[in-house]
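Below is one structure; the comments refer to it alone.
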Amino acid sequence: MRLPPLRHPLKRDAASSGTNGRMVPTFMKSWGAATASLKALGPGSVSSVLKVALDVAYVLLWLITGVLLLLLVAAVFVPLDNVNITVSGDSGGRELPLTRTLALFGLGAATAYFGGFVLILRSLRRIFRTLTMGDPFHPANVRRLRQIGLILAVVTGGVWLAQGMVAARLAPGVMDPQGLGELLTPVFSVLIVFVLAEVFREGARLRRESELTI
């Protein structure tokens with residue numbers, strides 16, 4: 001009597017596996033199903049979750065900017081006699097009298113800094129609103145990305161100049177001004193934003209051409 005040939009226990013039928021005879025691990029199937037269920041655009045997607053986070057950050061930054069603006073106005077009228085501040089750095093610290101000019105400069109710089117990020121978040125919220133609607137290449141997103149890049153460049157340059165003024169005028173020898181090497185990362189970020197704006201502009205152009213073709 002002839003016995004039937006034995007099959008290897010690890011071999012599976014290609015028709016039953018659906019992968020041309022290759023075995024797919026269970027964790028890879030689970031990971032593929034999980035990533036397939038995540039949507040990048042539209043309602044209930046990752047973009048909508050990020051939109052909520054941006055809304056919260058936008059409100060918090062508005063509150064911080066409002067408090068700084070009130071302090072800036074109060075610094076014009078509140079007497080600052082016998083008030084000192086300590087400026088510290090890598091080489092130690094120095095106690096300086098808090099003059100009205102110094103208070104206005106510091107509060108004004110902080111208000112402008114947070115106000116700039118309020119404007120950046122406002123544009124980001126509007127961009128993510130189009131993403132949640134499933135329309136990433138909205139023509140207005142090109143202008144918003146350019147605004148973000150411009151504001152980020154102004155904020156970066158303002159921080160660099162302000163720290164240089166503080167190091168040179170207020171605390172010489174205590175604080176070191178920022179070097180040009182420390183501007184590489186912010187400048188690179190600004191360039192990336194402008195490149196993304198051009199990518200969105202090209203996407204909006206292609207979408208407009210496809211609509212005219214249809």
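Every read-out reported here was derived from the displayed coordinates using simple, explicitly stated rules and does not represent laboratory data. On a predicted model such as this, the values are computed, not experimentally measured, just so you know. Every residue, glycine among them, receives a Cβ derived from its backbone with ideal geometry; neighbour counts consider all protein chains shown.
If each of F188 and V76 carries a label point 7 Å out from its Cα toward its Cβ, how far apart are those two points in nm?
The answer from the label model is 4.2 nm.
Separation between the V83 and L196 pseudo-spin-labels, each 7 Å from Cα along Cα→Cβ, expressed in nm?
3.9
Fully extended, how many nm does the chain gain between V154 and M133 (0.36 nm per residue separation, minus their Cα-Cα distance)? Intermediate values should be presented prior to the final figure.
Details: separation 21, 0.36 × 21 = 7.56 nm, distance 3.07 nm.
The V154-M133 span can extend by a further 4.5 nm.
Show me 142-150, 46-54 ranked by packing, highest mean number of other Cβ atoms within 10 Å first. Present the calculation step by step, with values, prior to reporting the outcome.
Values: 142-150: 18.9, 46-54: 15.1.
So the order, starting with the most tightly packed, is 142-150, 46-54.
Calculate, for T99 and L63, the FRET efficiency according to 1/(1 + (r/R0)^6) with r their C-beta to C-beta distance and R0 22 Å; round to the nearest 0.05.
The pair T99/L63 has a calculated efficiency of 0.20.
Using a Förster radius of 35 Å, what is the FRET efficiency between L41 and L161 based on their Cβ-Cβ separation? Nearest 0.05, please.
0.30
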